[in-house]
Amino acid sequence: MTEQSEPLEVRDRALEVVGLTRAYGEFYALRNISWSVDEGTWWGIIGPNGSGKSTLLHLLSGVDQPTSGNVHIYGKRVGSYSRKELSRLIAVLQQEGLPPVGYTVREVVEMGRFPHQDWLGREKGVDVEAITDRVLERLGLTTLADRALDRLSGGQRQRVALAKVMVQEPRILLLDEPTTYLDLRYQLEFMELLADWRQETGVTIIAVLHDLNLTAQFCDDLLVLKDGMIEGLGASSKLLTEDRIRRVYGVEPVMLPHPDSGVPQLLLRRSASDTTDSTD
């Protein structure tokens, strides 16, 4: 009698893309993208500039409409949701974060509850102040709660932007190059905050990223785009190879295992022209 294996974990399908194409006149930003995302996973979207990454996020969030194909969120076409319904499911965090406006940190973070409020700005049975306090404390923003955004650094404003989407309590988080303007410390801190949040809540994360080393450390799976088409799809540990990086980005890479986790990490060889000594 053979021993039965444990049943596989069954996840809900958070998002599904079928035959997605976006054209602007004769230019195709995306061509025939088909892809599915299980609930609770963390996907990275990578590729060179102009490969269609941000366009794809705009289509997933419902901000833009495809030329052909469909996006389904929890089995329902994204265009069939009202904006408020969709905002209860999806939050979007752009690379610019928040502008340096005069609102206080607390006021901005509490704006994340808007999708859950009625037309008078009320929520029944929910302690918004308690939710806000909990998130502010978690992100180390409690002492800044009454400070205006225009008195914060770029890294602090990006943490406030993350606090705002955490208070929103979405089921899917879309991120468009969220660490672009952060220094090394804040980049790592930001990604670790996302990882902890996903671990605790099961939020699904889809992030456009340029830093392939951070991508390898945090993303379970990757969608690799080139010229608006899928060049690779699957586990990040298998897709981040020297051959693929060379083919997609046109650089000479060296991939090494991370000393702690073993995930692939990227080094770049200088081109021959860069290494040629010049004399006056």
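The values are calculated or read from the model by the stated rules, or taken from the named source; none is laboratory data. Everything numeric in this text was worked out from a predicted model, so none of it was measured. Heads up, the Cβs are rebuilt from the backbone with ideal geometry, glycines too, and the neighbour counts pull from every protein chain shown.
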Would you say ARG122 is surrounded by fewer than 17 Cβ atoms within 10 Å (Cβ to Cβ), part of a loop (DSSP other than H, G, I, E, B) and either more than 23 Å from the chain's Cα centre (by Cα) or not hydroxyl-bearing (Ser, Thr, Tyr) (or both)?
yes
Candidates VAL167, VAL128 - the one that is among the hydrophobic types (A, V, I, L, M, F, W, C), touching an Asp or Glu at 6+ places or on another chain (Cβ under 9 Å), within 26 Å of THR204 (Cβ to Cβ) and surrounded by 21 or more Cβ atoms within 10 Å (Cβ to Cβ)
VAL167
In the stretch 16-26, anything surrounded by fewer than 21 Cβ atoms within 10 Å (Cβ to Cβ) and in a strand (DSSP E or B) is listed as GLU16, VAL18, GLY19, THR21, ALA23, TYR24
For the stretch 152-176, enumerate the residues that are part of a helix (DSSP H, G or I), farther than 16 Å from VAL128 by Cβ, of a type in the set (A, V, I, L, M) and in contact with a Ser or Thr (Cβ under 9 Å, 6 or more places away or on another chain).
none
Pairs returned, first residue in the stretch 144-164 that is touching a residue at least 24 places away in the same chain (Cβ under 8 Å), second residue that is of a type in the set (S, T, N, Q) and in a helix (DSSP H, G or I), beta-carbon separation under 7 angstrom, 6 or more apart or interchain, are LEU144/GLN156
Looking only at the stretch 27-73, count how many residues are within 15 Å of ALA14 (Cα to Cα), more than 18 Å from the chain's Cα centre (by Cα) and either at pLDDT below 95 or outside any strand (DSSP E or B) (or both).
0
Is it fair to say ARG77 is farther than 29 Å from ASP211 by Cβ and either under 20 Å from the mean Cα position of the chain (by Cα) or free of Cβ contacts under 8 Å to residues at least 24 places away in the same chain (or both)?
yes
Return the total of residues in the stretch 77-87 being in contact with a Pro (Cβ under 7 Å, 6 or more places away or on another chain) and either surrounded by 16 or more Cβ atoms within 10 Å (Cβ to Cβ) or closer than 21 Å to THR55 by Cβ (or both).
1
Can you work out which of the residues in the stretch 78-113 that are in contact with a strand residue (DSSP E or B) (Cβ under 6 Å, 6 or more places away or on another chain) and not in a helix (DSSP H, G or I) is nearest to TYR186 (Cα to Cα)?
GLN95
Show me the helices (runs of 4 or more DSSP H) entirely contained within the stretch 187-280 in which 2 or more residues are surrounded by fewer than 15 Cβ atoms within 10 Å (Cβ to Cβ) and touching a strand residue (DSSP E or B) at 6+ places or on another chain (Cβ under 7 Å).
242-249
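Would you pick out the residues in the stretch 42-72 that are of a type in the set (Val, Ile, Thr) and surrounded by fewer than 18 Cβ atoms within 10 Å (Cβ to Cβ)?
VAL63, THR67
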